[in-house]
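Data block below; observations after.
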Amino acid sequence: MTVDAVDEPFRTQLTVRLREGGTLLGVDLPGPCRYTSGNGVDILWMGPDEYLVLAEPGRQAELEAALSRESAAVVDVSAQRNVVRLVGEHAADVLAHGCSIDLAVSPPGTCVQTLLARTGIVLMVREEGFTILVRQSFSDYFKAWLADASLEYVS
């Protein structure tokens, strides 16, 4: 198989609004259209003063308490989006069927909000593939589209 989509259920997702600061949870804040990783979390730049913290399932209370001491506002949005990891030789080709982002010039560490098959997503470019965050209400449609777009690459 040259494309593999893996659900990552129940990921901890916290939106953080921050006025000042260079780090969260001991991790450097990313610049525009980037994400940074460390200490078991990914921190995604979502806007000028907005970040999304991703972590393993069940860490909401722990991280929310730590972030509340560091930031202006923290909201648990873990139920808002599903997380799908797309890996394999043709993962970028599958995404190119429905996404206008030029993944050939998007290095690992890139994080963008975009449309994929008319569905709003957050796309993280990783060394080993892609992480896609899609709203719960579009999840079934997204998975059906992804299965269809992947057909020509499955051996």
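The values are calculated or read from the model by the stated rules, or taken from the named source; none is laboratory data. Everything numeric in this text was worked out from a predicted model, so none of it was measured. Quick reminder, even Gly has a Cβ in these numbers, built from the backbone with ideal geometry, and neighbours come from all protein chains shown. These accessible areas exclude ligands, DNA and RNA; they are computed on the full protein's heavy atoms, side chains included. Shrake-Rupley method; radii C 1.70, N 1.55, O 1.52, S 1.80 Å.
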For the subset of the range 2-59 comprising residues that are β-branched (Val, Ile, Thr) and at pLDDT 95 or above, which member is nearest to Asn82 (Cα to Cα)? Thr12
Taking the range 67-90, which residues are assigned to a loop (DSSP other than H, G, I, E, B), open to solvent by 40 Å² or more (accessible area, probe 1.4 Å) and of a type outside the set (A, V, I, L, M, F, W, C)? Gln80, Gly88, Glu89, His90
Criterion violated by Glu64 - all others in (1) in contact with a strand residue (DSSP E or B) (Cβ under 7 Å, 6 or more places away or on another chain); (2) in a loop (DSSP other than H, G, I, E, B); (3) surrounded by 12 or more Cβ atoms within 10 Å (Cβ to Cβ) satisfied: (2)
Quick one: in the range 121-146, which of the residues that are touching a residue at least 12 places away in the same chain (Cβ under 8 Å) and part of a helix (DSSP H, G or I) is farthest from Arg11 (Cα to Cα)? Trp145
Can you tell me which of Arg126, Arg85 is at pLDDT 95 or above and in contact with a Pro (Cβ under 6 Å, 6 or more places away or on another chain)? Arg126
